Amino acid sequence: MATANIEVSETPLVLYALRRADDALILGHRLSEWCGHAPAMEEDMALANMGLDLLGQARELDTYAAKVEGRGNDEDKFAYLRDVRQYRNLLLVEQPNGDFARTMVRQFFYAAFADLYWRAMMASSDATLAAIAAKSEKESAYHLRHSSEWIVRLGDGTEESHRRAQNAIDDLWAYTGEMFAVDDGERGLIDAGIAIDPATLKSRWLKTVTGIVNEATLALPKSDWMQQGGRIGSHSEHLGHLLSELQSLQRTFPGATW
Amino acid sequence: MYTQALNSSDGDDRGVEDVARATRFQARIDADERIEPNDWMPAAYRKTLTRQISQHAHSEIVGMLPEGNWITRAPSLRRKAALLAKVQDECGHGLYLYAAAETLGTSREELVDAMLSGKAKYSSIFNYPTLTWADIGTIGWLVDGAAIMNQIPLCRCSYGPYARAMIRVCKEESFHQRQGFEIMVTLCRGTAEQKAMAQNALDRWWWPVLMMFGPPDQVSQHSDTSTKWKIKRFSNDELRQKFIDATVPQAEFLGLTIPDPGMKQNANGNWVHSPIDWDEFKQVLAGNGPCNRDRLAARRKAHEEGAWVREAAMAYAEKRKSRQLAQAAE
């Protein structure tokens, strides 16, 4: 018997917390895939470190979502017993690691956003979210510094590293727009002072990203077509494979405690 | 990224064997003094320690692979975070140990190359596969447990940098060991399937773990000089016995059966194991273990696929340096 998916009452606040939890969990999971396989031991340490930060963020946000929802779900039920259509993360974070340049560009685009986002969220009227934001902001600042340094090294390194970094930027660019999108439910939270409007961060994000990309002698694509769908469960094909691995034990041994 | 300056250790007098110096050196060891990197030491002492510390470092790095195999499948977020942190600790241990080995005059780059080419060894225990989640518990409980038995005495090793690295490593290892045991407790209190998974993992790991202490004392090559130099303070068999005596009650607590029906307690209270299959040990050491090829292939792949990244970092550092020089000249 396979374990059935849980049902989630996605009130605006539950959905809000789950979306951010899923961003952190999926990106953290992707980073953990590198463990033992990074280009240098120092990077093995750094990628695992960032993965752990993100996993920690996911757990706090999931735990909060469970509390707000009040239906007996918990961090593990959210992580292990929702299928691909129930996941609410950004398309960007589920994109495969690819080479080191792709991993770093994905991290850079996200961290440049998360750094601003969590800093702004420290002013949330929701005390729990403000506390999570304060912790996440410190971590995101480091993730941004680390990935920015690599973007510059790779872009301004060798011909090969430049080409790989540029390819990664070109391929991942279309997944950045989703970070700034807001739906009606979230609009209500913004109006209530619980969430902040990510659209207000866009120009600062673009300034940070453009600055580093220029320093790296790389270029941002001209296209402004942006993919969307992660926030409502319309994912890329990659997420299902990630989840089948992530959830394998929980799905194989229903109800067991680990 | 690598310490190029340490590539050569020729051209000084450290390799010169000299009876008076050797006598003074041994007297310092006998007086329990620590030998530090700039002190005179016999070439054989340097070579033995370089081999031992670098093998230890390689073991930490290769040891990331069997456990890393379960990070993406860990069964809860708490377990996932703990396992990722643990494997990260192992990488950290590898880094300290390469740094300790470098103080003896061989660069990390050379040491890593020797491992990748198959010339240098790492602990054979990592050539066994992790088939189920219970293997992660068992590795923590038994493999880390055995490593601690081996490493605690190394905290008093005569070579200062190695001894100091071991103090920190041992603290983290004992934390890992407790985590592993806690996974086993959870499995053994869980469903019948989980308990069977735990027993099966113990069945597969028990004998390879006993082999971790190395060949029996009567055939061990390195022990005599290592003991004289206070690199080694207990014999292989002594450590193995200590480990078994500590583990038997733990297995009993878990309700698991150690897969050695002939094991008996002697008059001193020590548990006497049945003969170990040293042919298996030799085969795994010779490269014929279930995962030798996979482990080396994974390390080589990471190294080769990372080459362009390391080159980019070097190229960028060079560019930056020459830009700074050009600016300073203006």
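Read the figures in this text as sums done on the coordinates, not as results from a lab. This structure is a prediction, so every number in the text was calculated from the model and none was measured. Note: ideal-geometry Cβ built from the backbone for every residue, glycine included; neighbour counts use all protein chains shown.
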Exposure proxy ranking, count of Cβ atoms within 10 Å, fewest first, for B:R240, B:R310: B:R310, B:R240
The range A:110-258, relative contact order in percent, only Cα pairs under 8 angstrom and at least six apart counted: 26 percent
Taking the beta-carbon count within 10 Å as an exposure proxy, list A:V182, A:V68 from fewest neighbours to most. A:V182, A:V68
As an exercise, identify the chymotrypsin sites (Phe, Trp or Tyr not before Pro) in the range A:47-110 lying in DSSP coil whose Cβ has no more than 16 other Cβ atoms within 10 Å. none
Name the most mobile residue of A:A199, A:A58, A:A120, meaning the one with the largest mean-square fluctuation, in a Gaussian network model of chain A with Cα contacts below 10 Å. A:A199
Once you average over the residues of A:49-59, how many Cβ atoms of partner chains fall within 10 Å of each Cβ? 3
What percent does the relative contact order of chain B come to when contacts are Cα pairs within less than 8 Å and at least six residues apart? 18 percent
Residue-wise, which Karplus ³J(HN,Hα) couplings in Hz belong to the range B:261-272, taking 6.51 cos²θ - 1.76 cosθ + 1.60, θ = phi - 60°, and x for glycine or proline? x, x, 5, 9, 8, 8, 4, 7, x, 7, 8, 9
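Let me know the Kirkwood hydrodynamic radius for the protein assembly as shown, please, with Cα pairs as the basis and the value in Å to one decimal.
Averaging 1/r across every pair of different Cα atoms and inverting gives 26.3 Å.
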Inside 10 Å of the C-beta atoms of B:81-91, what's the mean count of C-beta atoms belonging to other chains? 5
Report, in whole Å, the centroid distance computed from the Cα atoms of the range A:24-43 and the range B:244-301. 31 Å
If each of B:E280 and A:R145 carries a label point 7 Å out from its Cα toward its Cβ, how far apart are those two points in nm? 4.9 nm
Folded to 0 to 90 degrees: helix B:292-305 orientation relative to chain B principal axis, Cα: 40 degrees
Among B:278-289, A:45-56, B:99-110, how do they line up by average Cβ neighbours within 10 Å per residue, starting with the highest? A:45-56, B:99-110, B:278-289
Check each of the GluC sites (Glu not before Pro) in the range A:204-248 and keep only those in coil by DSSP with at most 16 other C-beta atoms within 10 angstrom; list them in order. A:E237
Just round it to a whole percent: the fraction of Cα-Cα distances in chain B exceeding 28 Å. 47 percent
Please report, in debye to the nearest 20, how large the charge dipole of the range A:77-212 is about its Cα centre when each Lys and Arg carries +1 at its beta carbon and each Asp and Glu carries -1 there. 240 debye
Of all chymotrypsin sites (Phe, Trp or Tyr not before Pro) in the range B:164-234, the ones in DSSP coil with at most 11 other Cβ atoms within 10 Å are none
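Can you pull a Stokes-Einstein diffusion coefficient for the range B:216-265 at 4 °C (1.567 mPa s), Rh from Kirkwood over Cα pairs, as a whole number of µm²/s?
This corresponds to a translational diffusion coefficient of 101 µm²/s.
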Taking the Cα centroid of the range A:134-199 and of the range A:85-112, what is the distance between the two, rounded to the nearest whole Å? 9 Å
If the viscosity is 0.890 mPa s and the temperature 25 °C, what Stokes-Einstein diffusion coefficient in µm²/s follows for the range B:195-330 when Rh is the Kirkwood radius over Cα pairs? 125 µm²/s
Cα long-axis angle, helix B:307-329 against chain B (0 to 90 degrees, to the nearest 10): 30 degrees
Of A:K138/B:K80; A:K207/B:K321; B:K80/B:K282; A:K77/A:K207, which ones are farther than 31 Å apart at the Cα? B:K80/B:K282; A:K77/A:K207
Considering every Cα-Cα pair within the range A:66-114, what fraction, in whole percent, is farther apart than 12 Å? 71 percent
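For every other residue with a beta carbon closer than 13 angstrom to the beta carbon of A:E160, add +1 if it is Lys or Arg and -1 if Asp or Glu, then tell me the sum.
-1
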Residue with peak Gaussian network fluctuation, chain B [Cα springs, cutoff 10 Å], from B:A315, B:A74, B:A85: B:A315
log10 of Debye I(q)/I(0), alpha-carbon scatterers only, for the range A:99-253 at 0.14, 0.21 Å⁻¹: -0.82, -1.32
0 to 90° range, to nearest 10: angle between helix B:43-62 axis and chain B longest Cα axis: 60 degrees
Once you average over the residues of B:313-321, how many Cβ atoms of partner chains fall within 10 Å of each Cβ? 5
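Compute the projected area of the convex hull of the Cα atoms of the range B:20-155, averaged over all viewing directions, and report it in nm² to one decimal place.
The number I arrive at for the range B:20-155 is 9.3 nm².
Okay, helix-only estimate at 222 nm for the protein assembly as shown: each DSSP H run of n ≥ 4 adds -39500 (n - 2.57), divide by all residues, round to 500 deg cm²/dmol; what do you get?
After summing the helix terms and dividing by the residues of the protein assembly as shown, the value is -20000 deg cm²/dmol.
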